[in-house]
Every structure is written in C-alpha cells, then in structure tokens.
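Quick notes on the structure that follows.
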Amino acid sequence: MAERMSARQAIAFLTGATARGGPPGPAAFTELPMPKDTLPPDGPLAWQGYDESRARAAMRTGEDESVICGTGRVGGTEAVLISFEFGYLGGSLGERTGDRLEAAYTHARERRLPVVSLIATGGSRMQEGMLALLQLQRVAGQSALTRAAGLPQIAVVRDPTTGGGWATLGAGADVILALPGAQIGFAGSRVRPPDADPYAYTAESQLTGGHIDAVVRPEDLRDTVRRWLALLTGGTAGAGSGPVRAAEPPAALGHAAPPATGWDAVSLARDPRRPRAEAYLDAYFTTRESVNGDRAGGTDPGTLCGFGERDGRTVAYAAQCGTATLPAGYRTAARLVRLADRLGLPVLTLIDTPGAANDAQAERSGAGAAIADLFAAVATARVPVTSLLIGEGGSGGALALAAPGNTWATPDSYFSVIAPELATAILKRPPDQTRATADQLKVRPQDLVSLGVIRGIVPPAGA
C-alpha cells in the first residue's frame, strides 16, 4: 500500500477487489448508503470559502467526504471497512464524517461484523470548529458500543494519522497495525514543539513504546489483516456458538520424570536447556499473531501475548519467557485477557518467571498496580483460563498468570511462595541449608498436586 494511496485504492488493496465498478462476488466492496448532506452554506460556522474548498476537494478526489464506509471480504471474513481519503481536506473529521462513521459502526453491530479502519487523517476539521471536535466523542461512543457488543476492531494506520483520528479510531482499536514510516501521533507536524524529536511520531517509535502491535510491510498487509480477522472472530469453529470450551494444557516438552527432591525441581526449572515459551507456543498453535505493549509506553520482551489457532478455533495466550516480568508485561497480559473475554475466546497462560522485576525502575513503573490489575483480569474473566507452569513459578509474579482451579505443571517446573535461597536468608539459615529449605517449601509438581495448588502434571506429547 503506497503512501497517500486513495481511500478506494486502499480498500481495493486490502480486499483484492476493484473498489468501484468491479465485478460482483464475495470479494467486492459494497458501499453503505450514507446520510444526506445537511450542512448549511459554508458549514455550521459560515466559514467563508468552505464550500469552495469542499468542491475543490471533491473535484480532486472524486469523493464528497473524507471517509468511505462499506462492507467487504478480507480473505474469508466479511467486515465493515472504513477508509479515509486524505486528499479530501486532509482526511479531516467533520459533522458529515461523524454521520458516516456512526452509520458504519451501527451497521457492524446490526450485522455482527468486525470493523477494519484504514486511517489517514490530520484530525478535526477547523472550518467546522467545536462541532467538528465533538465528533471525537461521537466516534468514541460508537467504538465503545461496538466493543461492548463483542466485535473486534482493527486499525490500519496509514501516513499520516494524527489528532483525533489517532486518538479514537486508531489508538482505540483492539489491534493496531501500521505501515512502515507512517507518521503517527496526537500532535500533527505543524503543531508540535519546534524541538520535538521527529522519530517519536513514527510507526517504529510507537511500536517500541508499546502503542501499536506491529509495523507491517505493504506487501504483507492483506494477509496479516486476513489472519487477524480470522483469529479475532474465532477461527473456523466460531466463538459465539455456545459456551466457551477451555483450552487444553499443552503437552510437556522437556524432562519426563517428576523430580526427586525440591532442589531437583528448582534445578530442572532453571536448566538453560529446558524448553521455553516459544517452543511451547510453536508446538501448540498452527498459526499465531502477537499483540505488543501495554498501551502506556511500555513493552516486555519476556512476556509474549497474542492469539493463535488450535484445532480450528482461536485461543488467546500470555506467556512468560523465564525472565523477571516487567510491569509492562503484566499490563499487556491484562489487556490480552480482557480482549479475549470481550470476544468470547479461551485463554492459555504459560507461567515461567523467577518473579516480578523488583528494581527501582519497576517500582516507578507501577509494579504492584500492574500485578494487581492482572490478578483482577484473570479473576473476573468470563471465559475459561487455562494455565501451565512450564518452568519457574516465582511467588506472586508467577501466580498473577495462574488460573484459579485450572493450573497444570510440567515435570520440570516448580512453584514457590519465595525462592529457596531467599527463604533461607530470611530464616537466617546458612547457605548450605538451601536444599533442605526447598524440600520444606514443597515446591515439586507432585507436592503442588498433593496440596491442591495445581490440577495435575501434564505428560509428554504422545505419552
């Protein structure tokens, strides 16, 4: 998708169909009937020359407004498509734009369709003043209603996407994809401080900050959106056909025999050769897509979150990778669980951390609040959550990802209220008592079963 591609070209690119006057069929785009133009001469502010500006924009683009809305298929999924025409007054939002967006969201809810927005906008339309700015509340309200209806929203951020369009349709979407180099930010290029770092307003910077999920090359965009739509709408089995069935725990990939002692359990879990989250996710899912970041400026490479296909249906996942989990990791996992809950999709969590990050930066980043929020997300989820302990289970930083009553363990894992070394130090025991302390803590998988902490120990694949 080239920079400044027209709204209709963007739709045609995504659907693989001719946008206007193309052949009928399942891939064709069908434009929705739009509300009539009720603007008075020169708009609500009687802005001199506004009608002439609109006429020139219409002549240049062939459109009569800055947004086109309709339905079309991306792969095998029908969706409501919203595409902005930047050539029409900078893709700005006015009252008529709000009318069209409201009609599109309403149609999505009536037809139970996901929404895909192809955004390229400079923000609210100055010639309509505060009445244009109020459209942001209107759009946000429609998005919230659609979210409450359990329908997914995907944003494809083109260049540029700034102002209220970014702060509503863009940043408010469930999954946010951006084209390379796209200018993204609440502040447009002409209103930023003169000393502002231009990199901060790029797709790549927004990805690093955890504000978008992926930067996608134009040649990969259609297939990426196709996969996301299939996953978020439940896959071929469908998510809304009845009670949501819990995801089964993955098979063990590592050591097959339960450990003899508590310290053996700790040693097996800390073995650098033990299979980690990536190996479990690759073995469990046919295909998967990742969500990135906590939407608050943070990412945690040691926490993997996303959605994958398993036996023809979608399962959401949040997986720790064996490192100390950052506050951003807990917030990203909480975002993932809540999104899966809205969409009616089961959740799988993989637990593997020595504990929550506890340095000064983690405290400044709100470690306690982030962990508390994940505990709350798991506790209040209406969809079933399945958890598998695949390595270290270090205290509350690990327990936050554990499903009450549906947590399992692999033979090469352990769960402990505190690391044996730290327990030894707190009890003022000599270091050579660490092994005995590990036994006393009852950290082995079989101990956890006996205590009722976990449901069972998963066997290796094929066992």
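Coordinate-derived values only; no laboratory data. Remember, it's a predicted structure, so these values are computed and weren't measured experimentally. Please note: Cβ atoms are built from the backbone with ideal geometry, for glycine as well, and neighbour counts cover all protein chains shown.
Please list 3J(HN,Hα) in residue order for the range 335-351, calculated via the Karplus relation 6.51 cos²θ - 1.76 cosθ + 1.60 where θ = phi - 60°; whole Hz, with x for glycine and proline.
Coupling constants for the range 335-351: 4, 5, 4, 5, 5, 4, 5, 5, 8, x, 10, x, 10, 10, 10, 10, 9 Hz.
At 222 nm, what value in deg cm²/dmol follows for the chain if DSSP H runs of at least 4 each add -39500 (n - 2.57) and the sum is divided by all its residues, to the nearest 500? Could the numbers behind the result be given before it?
Numbers: 16 runs with 158 residues, N = 463.
Taken over the chain, the calculation gives -10000 deg cm²/dmol.
Rounded to the nearest 5, what % of the DSSP beta bridges within the chain are antiparallel ones?
Values: 24 of 63 bridges.
Restricted to the chain, the bridges split so that about 40 percent are antiparallel.
Any idea what the dipole of the chain comes to, in debye rounded to 20, about its Cα centre with Lys/Arg Cβ at +1 and Asp/Glu Cβ at -1?
Values: 44 positive and 46 negative charges, 136 e Å.
It works out to roughly 660 debye.
What is the distance in Å between the Cα centroid of the range 287-345 and that of the range 196-237?
Answer, in whole Å: 14.
Suppose each label sits 7 Å from its Cα in the direction of the beta carbon; what would the residue 286-residue 358 distance come out to in nanometres?
About 4.4 nm, to one decimal.
How long is the range 130-219 along each principal axis, judged by its Cα atoms, biggest number first, in Å?
Cα spread of the range 130-219 along its principal axes, largest to smallest: 40, 36, 21 Å.
What does the charge dipole of the range 7-232 about its Cα centre add up to, to the nearest 20 debye, if the Cβ of each Lys and Arg holds +1 and the Cβ of each Asp and Glu holds -1? Could the numbers behind the result be given before it?
Working: 22 positive and 24 negative charges, 89 e Å.
In total the dipole reaches around 420 debye.
Please sort by residue number the trypsin sites (Lys or Arg not before Pro) in the range 169-247 whose DSSP state is loop and whose Cβ has at most 10 other Cβ atoms within 10 Å.
For trypsin sites (Lys or Arg not before Pro) across the range 169-247 that sit outside H, G, I, E and B with at most 10 neighbouring Cβ atoms in 10 Å, the list reads 190.
Using +1 at the Cβ of each Lys and Arg and -1 at the Cβ of each Asp and Glu in the range 262-457, identify which of 337, 320, 269 lies farthest towards the dipole's positive end.
337
Under a Cβ-only charge scheme (Lys and Arg +1, Asp and Glu -1), can you give me the dipole magnitude of the range 262-457 about the Cα centre, in debye to the nearest 20?
Numbers: 20 positive and 20 negative charges, 73 e Å.
Roughly 360 debye, rounded to the nearest 20.
For a quick protection proxy, order the peptides 323-334, 174-185, 144-155 by their average other-Cβ count within 10 Å, most packed first. Intermediate results must be reported in sequence, preceding the final value.
Details: 323-334: 26.3, 174-185: 22.4, 144-155: 18.9.
Descending packing order for the listed peptides: 323-334, 174-185, 144-155.
Are there trypsin sites (Lys or Arg not before Pro) in the range 380-463 that DSSP puts in a loop and that have at most 11 other Cβ atoms within 10 Å, and which ones?
Details: sites: 382, 428, 435, 442, 455; in loops: 382, 428, 442, 455.
Those satisfying the criteria are 382, 428.
With angles folded into 0 to 90 degrees, how steeply does helix 367-380 sit against the dominant principal axis of the chain? Use alpha carbons for both and round to 10.
80 degrees
Which one of 66, 123, 80 is farthest out on the positive end of the charge dipole of the chain, using unit charges on Cβ (Lys, Arg +1; Asp, Glu -1) and the Cα centre as origin?
Toward the positive end, the furthest listed residue is 80.
Please give the length that would be gained between residue 446 and residue 311 if that part of the chain were fully extended, namely 0.36 nm times their separation in residues minus their C-alpha to C-alpha distance (nm, one decimal). List each step's numbers first, then the result.
Working: separation 135, 0.36 × 135 = 48.60 nm, distance 2.97 nm.
Between residue 446 and residue 311, full extension yields 45.6 nm more.
Hey, any idea what the orientation-averaged projected area of the convex hull of the chain's Cα atoms comes to, in nm²?
Numbers: hull surface 98.6 nm².
Projected over every direction and averaged, the Cα hull of the chain covers 24.7 nm².
Distance in nm between label sites at residue 428 and residue 189, each 7 Å beyond Cα in the beta-carbon direction?
Roughly 6.8 nm, to one decimal.
Note the full-extension length gain between residue 39 and residue 145 as 0.36 nm times their separation in residues minus their Cα-Cα distance, in nm to one decimal. The partial results should precede the final answer.
Values: separation 106, 0.36 × 106 = 38.16 nm, distance 2.65 nm.
Length gained between residue 39 and residue 145: 35.5 nm.
Report relative contact order for the chain in percent, whole number only (criteria: Cα-Cα under 8 Å, sequence separation at least 6). All intermediate terms of the calculation are to be shown ahead of the outcome.
Working: 1050 pairs, mean separation 51.3, N = 463.
Rounded, it is 11 percent for the chain.
Show the residues, 5+ positions off or on another chain, whose built amide H is closer than 5 Å to the amide H of residue 454.
Close amide H contacts, sequence-distant or interchain: 449.
Positive end of the dipole of the chain, charges at C-beta (+1 Lys, Arg; -1 Asp, Glu), about the Cα centre: which of 259, 353, 172 has its Cα farthest in that direction?
Final value for the positive-end residue is 259.
Under 18 Å from a point 7 Å along the Cα-to-Cβ line of residue 261: which residues of the range 426-443 have their amide N that close?
So the set is 429-443.
Test of understanding: what is the full-extension gain from residue 51 to residue 131, defined as 0.36 nm times their sequence separation minus their Cα-Cα distance?
Values: separation 80, 0.36 × 80 = 28.80 nm, distance 1.66 nm.
Separation in residues times 0.36 nm, less the Cα-Cα distance, equals 27.1 nm.
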